Structure formats: structure tokens, C-alpha cells
1. Just to be sure, is N90 of a type outside the set (D, E), at negative phi, loosely packed, with under 14 Cβ neighbours inside 10 Å and in contact with a Phe, Trp or Tyr (Cβ under 9 Å, 6 or more places away or on another chain)?
2. Yes or no: E79 part of a helix (DSSP H, G or I), buried (at least 17 other Cβ atoms within 10 Å of the Cβ) and among the acidic types (D, E)?
3. Any residue at all in segment 5-21 that is assigned to a loop (DSSP other than H, G, I, E, B), within 9 Å of the ligand (Cβ to nearest atom), in contact with an Asp or Glu (Cβ under 9 Å, 6 or more places away or on another chain) and in contact (Cβ under 8 Å) with a residue 40 or more places away in the chain?
4. Which pairs turn up if I take residues in segment 115-134 that are over 14 Å from V105 (Cβ atoms) and touching a residue at least 12 places away in the same chain (Cβ under 8 Å) and look for partners that are open to solvent by 60 Å² or more (accessible area, probe 1.4 Å) and in a helix (DSSP H, G or I) with beta carbon separation below 8 Å, at least 6 apart in sequence or on another chain?
5. Does segment 63-110 hold any residues that are more than 10 Å from the ligand (Cβ to nearest atom), out of contact with any Asp or Glu (no Cβ under 9 Å at 6 or more places or on another chain) and touching a residue at least 60 places away in the same chain (Cβ under 8 Å), and which are they?
6. Of everything in segment 100-119, what is open to solvent by 10 Å² or more (accessible area, probe 1.4 Å) and assigned to a helix (DSSP H, G or I)? Give them in sequence order.
7. In segment 26-37, which residue that is more than 16 Å from S87 (Cβ to Cβ) and open to solvent by less than 90 Å² (accessible area, probe 1.4 Å) is nearest to the ligand (Cβ to nearest atom)?
8. I'd like the full set of residues that are buried (at least 17 other Cβ atoms within 10 Å of the Cβ) and either within 11 Å of the ligand (Cβ to nearest atom) or over 16 Å from the mean Cα position of the chain (by Cα) (or both), limited to segment 44-62.
Amino acid sequence: MTELKDQIDTSRLPCHIAIIMDGNGRWARERGSHRIFGHQSGITAVRETVEGAGELGVKYLTLYAFSKENWCRPQEEIEALMSLMVSTINSETETLIKNNVRLLVIGDMHNLPDYITAKLAEVTAITRNNSGLTLIIALSYGARWEIADAAKRIAEDVVSGKIDKSKINETMFSEYLLTRFVPDPELLIRTSGEYRISNFLLWQIAYTELFFSDTLWPDFRKNHLYEAIIDYQKRERRFGKTSEQINL
Ligand code: FPP
């Protein structure tokens, strides 16, 4: 049987894949364990996905690691997630460098403890010239906050005379978002059988193809990533046009 990976047309890869990693808590509960064990086990899935995307030649991978709304979770879980984030980044830095991965972080950094922002700044600086996969971690991220913040900064620039209000359009608005250096994702994957966007990249996913997987995040492996890409490659992306226009 053909391997799933061989069914992928590498000349038509999504340039940017975004993932809502969901189901860690349920995965742990199914095993009678604490939710935190689910998050810890999710790291294997992160590693596999980053490796799989990099090997294929995907240029950008955005992982939704912690939303602004996640600050409402029990303090013990928040602290465990933060320390998991730092220990993973620490233990994976060498591998990121070896695999030419560039790390970026998007989110509201003001809410993050100093030891996290310092570590993130260090690793983003070390990897900034890497030219392979760009791994974007969405941390303390919320799309409505991102959009409102962009609107505020545009207003400030209009008031100060830096820009003219007549120049505000979609392209210009995008340049005020945290993702200004990154193309919009062509493919968004959400795991765990939930059909929601959960305040993730609302502006950027206007024309993104959505793929929902029943797999709980800690079980997600390269083959699940390949399945999503294969499904994406079967779709016709029309961007509002008709099928006839696309196939002209
Ligand atoms: C959602 O599952 C998952 C999270 C809120 C955390 C995901 C974070 C990681 C796997 C760590 C990532 C680390 C790096 C360095 C990228 P859930 O807890 O909402 O699961 P549930 O819906 O089953 O309760």
C-alpha cells in the first residue's frame, strides 16, 4: 500500500498550516490521569508535527499553545503549562537549530511571566536567521484582542498624522497584525472532534481550508498531518469565484 506521505503532491503544499491542539485534558482523563499529564504527552505530538511539516517543506506552522482565555484555567494548570513550555523550548533548542527552524511567538506578551518572555526572546534571537520551517507559537493569544489592538494602533497613527485615514484598507490592516510577516494559513487543523475556531487567527483564516480531526492532540502523529494535507489537496479553492473560472 502507498504510504500516506507519498500521496502528498509536494509541489502543492500549503505554505502555512495552523493547528488548534485540542483534547489533552480528555486524553488524560481517559487514562485516569491528571490533565497536566495530557499536556505533557502533547509534546510528542508537537515534536512529530514540527518534524513532519519541516520534512515536507511546509514554510510556516502556527501552533495555538495558550489562548488569552486559557488564563482563566486553574492556577496549577497554568503554571504547569508555562513550565512545560519553557522546558520544551529548552530541551528542543538544539534540534530547532539543527533542523534550520526559526521560532516566532505571537500573543500578548504582557501577561507572561518574565522567565518565559526571556527564554522566548533568547530562542527567537538564536534562530532568527534560520531559513527552513518557521514555527510560530501562539501564546497568550486571542484574535479579537489582536484585531482590536491593531485598530487602536491604526487610530493612533491617524491621530499623529503618520498615516491618512483614506489609506486604511485590508492590506494595510494586515500590516498592523502580529502575523504581518507571515502569509495567511491555507490549512487550519483542529483536533479532538470539536468544531470551533476558539478566537484563533480570525482575520487570517478568511479563506483558509478547515480540517477537523477526531484524534486527541497527544495521539496526533505525522500520518494525521499527512491526512489533513491530502484532504486539503483534494479541495477546490475558489476564493469567491466559480468552479468554471478557476478551471479556465
Ligand atoms: C488544549 O487541550 C491544549 C492546550 C490548552 C495546551 C496545548 C499546549 C501544549 C501541547 C504545549 C505546547 C508547547 C509548545 C512548546 C508548543 P485541552 O486542555 O483544552 O483539552 P480538553 O479540551 O480535552 O480539556
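The values are calculated or read from the model by the stated rules, or taken from the named source; none is laboratory data. Only a predicted model underlies this, so the values are computations on that prediction, with no experimental measurement involved. A quick note on method: Cβ atoms are made from the backbone with ideal geometry, for glycine too, and the neighbour counts reach across all protein chains shown. Side chains included, ligands, DNA and RNA excluded: accessible areas come from the protein's heavy atoms. Shrake-Rupley method; radii C 1.70, N 1.55, O 1.52, S 1.80 Å.
1. Details: of a type outside the set (D, E): yes; at negative phi: yes; loosely packed, with under 14 Cβ neighbours inside 10 Å: yes; in contact with a Phe, Trp or Tyr (Cβ under 9 Å, 6 or more places away or on another chain): no.
Considered against the rule, which asks whether it is of a type outside the set (D, E), at negative phi, loosely packed, with under 14 Cβ neighbours inside 10 Å and in contact with a Phe, Trp or Tyr (Cβ under 9 Å, 6 or more places away or on another chain), N90 comes out as no.
2. Judged against the criteria, E79 is not a match.
3. No.
4. Pairs that qualify, where the first residue is over 14 Å from V105 (Cβ atoms) and touching a residue at least 12 places away in the same chain (Cβ under 8 Å) and the partner is open to solvent by 60 Å² or more (accessible area, probe 1.4 Å) and in a helix (DSSP H, G or I), are N130/I97.
5. The answer is W71, L104.
6. Answer for segment 100-119, where residues must be open to solvent by 10 Å² or more (accessible area, probe 1.4 Å) and assigned to a helix (DSSP H, G or I): M109, H110, N111, D114, Y115, T117, A118, K119.
7. Checking each candidate, the answer is R26.
8. Answer for segment 44-62, where residues must be buried (at least 17 other Cβ atoms within 10 Å of the Cβ) and either within 11 Å of the ligand (Cβ to nearest atom) or over 16 Å from the mean Cα position of the chain (by Cα) (or both): A45, V46, T49, V50, L56, L61, T62.
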